[in-house]
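Comments concern the structure below.
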Amino acid sequence: MFASAFLSATLLPGNSEAALAAYLLKWPQQLWPALLIATVGNSLGGAVTVWMGRRIPTGQMPRRVELLQRWGSVLLLGTWLPVIGDALCLAAGWLRWPWRRIWPWLILGKFARYGLIALASHAWLVH
């Protein structure tokens, strides 16, 4: 599950949501460890994408990145969104935001993603 979550947060496609849901359907009592493993893996994968963004030479700021500058690192809550989340991490790296601004929002966004998957899996089990 860690590997799936990690790869899903990089620019590579992944299936971490399905892996977490399948795991929880089989072992529902392992909710918190599974949620922690998926969140950590996905957050570290997001950090790799931020790191890749830091490797892109700075130049003229694209219009969409200006939006990030205006709203700030709180937009990293959206890192859980497919495709858009990867772009947010890449842009945060390109903007050279300090890690102390990135980490809290990135982790919270990733946790929210897997929390919703866990809730949906639990609700499906109950009904």
GNM, the chain, Cα, under 10 Å: largest mean-square fluctuation among Trp80, Trp103, Trp27?
-> Trp27
Signed unit charges on C-beta, dipole axis of the chain, positive-most listed residue Gly59, Ile117, Gly72 | Gly59
Under a GNM of the chain (C-alpha, springs under 10 Å), which listed residue has the highest mean-square fluctuation: Arg100, Arg54, Arg113?
-> Arg100
Which of Pro98, Pro33, Pro57 moves most in a GNM of the chain, Cα contacts under 10 Å?
-> Pro57
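Kindly give Rg over Rh for the chain, based on alpha-carbon atoms, with the Kirkwood expression for the hydrodynamic radius.
Details: Rg = 15.3 Å, Rh = 14.8 Å.
Here the Rg-to-Rh quotient is 1.03.
No value in this document is a laboratory result; all are computed from the given coordinates. Computed from a predicted structure; not experimentally measured. Don't worry about glycine lacking a Cβ; one is built from the backbone with ideal geometry, like all the others, and counts go over all protein chains shown.
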